[in-house]
Amino acid sequence: MPAYDKFYSRLAVGIKASDIRELLAIIKHRKDVISFAGGIPDPKLFPKSELADIAREVILKYGDDALQYSETKGLIELRETLSDFMRRTKGIQTDAEDLIITTGSQQALDIVARGMIDPGDVVVTENPSYLAAIGAFKIAGAKLVGVEMDEHGMDTHKLEEKLRSLKNSGERVKFIYTIPVGHNPAGTSLTLDRKKHIIELAEEYDVMVVEDDPYSYIIYEDGADTTPLKAIDKYGRVIYLSTVSKVLAPGLRIGWIAAIDDLTRKFELVKQYLDLHSPTLTQFIVAEAVKKGLIDRMVKVATPYYKSKRDAMLSAMEDYLPDYVDYTKPIGGLFIFVKVDKEGFNTTKLLEVAITKYKIAYVPGASFFVDGTGHNTMRINFSYPTFDEIYEGVRRLSALIKNE
Ligand code: PMP
């Protein structure tokens, strides 16, 4: 057989399998391990029979188009539907012409990265930040600069300091990447003042903002501010990304970019080379689902359900975890971020012990930090485990933290 590795690109050589991912992949098939590691919706919530009816109707009624190739930017019906949906639910005024339908918002991140980043450009992110966004930006050659966070997300005064010093040292910053609500992994949400501050800083330092918003529909506290940055951006600085993954089903692989002006055309051209267009069939299905109010209904059901899971998780943490453990209390989204203030406690090193001895899994926090810190942190998901698993899992986690 040939030595295949000589055929690898530099990019492929640079991509390394992560030990953590491999470990977590193994436990998917182990019933004895309680996993808080996933970031996935509870499949109990998938509106299966409604989606089956819509899929059947779409194929039988519109099959000639729904099973055919379609426009790179996405079906006009879906773009118009989503444009209305964002206006109605989020106050975002984006014309259908500025929307691009993507294959999940993961592809939106890739398109933004390919369309905007040259090797050596700086992307400023929250620290920690979403792992697969970090990956997409790094593959495009970005240097990532992280900004400290507190319980309200990115500290925008620190952001200002970072932008100033990057400017002084002649670095080229392309955009600030933020997950404003129900942050993955930090579980935080930005205040309205901070959102305004980010936009003002983007204008002052002449950079763009990429707002990644999969979670702002799943909100547990009345009165929590979930205004997207995009809705209050008067300068044309914000590129907004969202997805149906958390409010309908991730398997549909439908996300979108609400872009601006010339950027829209560029992103469209980038997407053309990636996959021509996102699946026509699931675009038809999502358009019908939104029109029929299925997302609104699912949000109504998912929110109290996940809220009760979040509350169960927080109350188990309150009961079991020692007082040197700190954790976020998310007002939305699917994650709690845990910090263990114990000398030498390293969640990366302990993952294997956690799985084999304590039968519990989490995602080690260090994976999400862009500066190699965060070894005493972990990301905990509460949407997927059952209520019993939440209580038992936190008990096991507490034993791990106390004993190791
Ligand atoms: N951004 C963030 C912050 C996420 O948490 C996720 C999913 N975990 C995505 C993007 C990607 O979502 P999808 O590709 O399923 O739309």
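The values are calculated or read from the model by the stated rules, or taken from the named source; none is laboratory data. The shown structure was predicted, so the numbers you read here are calculated from the model rather than taken from an experiment. Here the Cβ positions follow ideal geometry from the backbone for every residue, glycine too, while neighbour counts run over all protein chains shown.
Remarks
- Tabulated pairs, region 71-83, first touching a residue at least 60 places away in the same chain (Cβ under 8 Å), second among the basic types (Lys, Arg) and not in a loop (DSSP other than H, G, I, E, B), C-beta under 9 angstrom, 6+ apart or interchain: 72/271; 73/79; 73/271; 77/291; 81/291
- Whichever residue in region 180-203 is within 20 Å of residue 263 (Cβ to Cβ) and touching a helix residue (DSSP H, G or I) at 6+ places or on another chain (Cβ under 8 Å) and, among such residues, is nearest to the ligand (Cβ to nearest atom): 180
- Residues (hydrophobic (A, V, I, L, M, F, W, C), away from the ligand (no atom under 12 Å from the Cβ) and not in a strand (DSSP E or B)) located in region 91-110: 92, 96
- Cβ pairs under 6 Å, 6+ apart, first in region 174-186 and more than 17 Å from residue 220 (Cβ to Cβ), second more than 10 Å from the ligand (Cβ to nearest atom) and part of a loop (DSSP other than H, G, I, E, B): 174/117; 174/121; 175/207; 185/128
- Selection status of residue 322, out of contact with any Cys (no Cβ under 7 Å at 6 or more places or on another chain) and outside any helix (DSSP H, G or I): yes
Rundown of residues vs (1) in contact with a Ser or Thr (Cβ under 7 Å, 6 or more places away or on another chain); (2) of a type in the set (A, V, I, L, M); (3) over 30 Å from residue 57 (Cα atoms), yes/no style:
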residue	(1), (2), (3)
217	no, no, no
241	yes, yes, no
260	no, yes, yes
277	yes, no, no
282	no, no, no
310	no, no, yes
317	no, yes, yes
324	no, no, yes
329	no, no, yes
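- Residues in region 262-280 that are of a type in the set (Ser, Thr, Tyr) and surrounded by 12 or more Cβ atoms within 10 Å (Cβ to Cβ): 264, 278, 280.
- Flag if residue 83 is away from the ligand (no atom under 16 Å from the Cβ), under 21 Å from the mean Cα position of the chain (by Cα), assigned to a helix (DSSP H, G or I) and of a type outside the set (Lys, Arg): yes
- When region 206-261 is filtered for residues that are assigned to a helix (DSSP H, G or I), more than 14 Å from the ligand (Cβ to nearest atom) and modelled with pLDDT of 95 or more, the ones remaining, listed by number, are 229, 230, 231, 232.
- Contacts under 6 angstrom Cβ, first residue in region 275-295 being in a helix (DSSP H, G or I), partner charged (D, E, K, R), 6 or more apart: 287/77; 294/50
- Verdict on residue 319 being acidic (Asp, Glu), within 16 Å of the ligand (Cβ to nearest atom) and under 20 Å from residue 336 (Cβ atoms): no
- Given (1) touching a Pro at 6+ places or on another chain (Cβ under 7 Å); (2) over 16 Å from residue 256 (Cα atoms), index of the condition residue 105 fails: (2)
- Residue in region 92-111 that is free of Cβ contacts under 8 Å to residues at least 40 places away in the same chain, within 23 Å of residue 288 (Cβ to Cβ) and among the β-branched types (Val, Ile, Thr) present: no
- Tallying residues that are surrounded by 13 or more Cβ atoms within 10 Å (Cβ to Cβ) and either closer than 21 Å to residue 383 by Cα or in contact (Cβ under 8 Å) with a residue 24 or more places away in the chain (or both) within region 46-60 yields 9.
- All positions within region 27-50 that are farther than 28 Å from residue 131 by Cβ and either within 24 Å of the chain's Cα centre (by Cα) or charged (D, E, K, R) (or both): 47, 48, 50
- Unmet requirement for residue 375, which otherwise passes all of (1) crowded, with 20+ Cβ neighbours inside 10 Å; (2) assigned to a loop (DSSP other than H, G, I, E, B); (3) modelled with pLDDT of 95 or more: (1)
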